[in-house]
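The values are calculated or read from the model by the stated rules, or taken from the named source; none is laboratory data. None of these values were measured; they are calculated from a predicted model. Cβ atoms come from the backbone with ideal geometry, glycine included; neighbour counts cover every protein chain shown. We work out accessible area using only protein heavy atoms, side chains counted, and drop any ligands, DNA or RNA first. Shrake-Rupley method; radii C 1.70, N 1.55, O 1.52, S 1.80 Å.
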Amino acid sequence: MAMTGMLLVSSLAQAEGCLKGAVVGGVAGHLKHHAVIGAVAGCAIGHHLAAEAKKQQAATGK
């Protein structure tokens, strides 16, 4: 049960970075008529930034 909860929280944190990035990238891409490409790129960037923030939090112990 605890393992399932940990996996769910882990996947939600990764999805959150992706979703936020996809929204921002989609809006920015829409302005250049490339919303889908912007959303995909935003998802990748958002996921990367969320992973880096998670690593930094783990390193500082917060």
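With respect to GLY25, determine if the residue is open to solvent by less than 90 Å² (accessible area, probe 1.4 Å), within 14 Å of the chain's Cα centre (by Cα) and modelled with pLDDT of 90 or more. Answer is yes for this residue. Name every residue in the range 42-61 that is within 8 Å of GLY17 (Cβ to Cβ) and open to solvent by 90 Å² or more (accessible area, probe 1.4 Å), in order of residue number. Those that are within 8 Å of GLY17 (Cβ to Cβ) and open to solvent by 90 Å² or more (accessible area, probe 1.4 Å): HIS48, LEU49.
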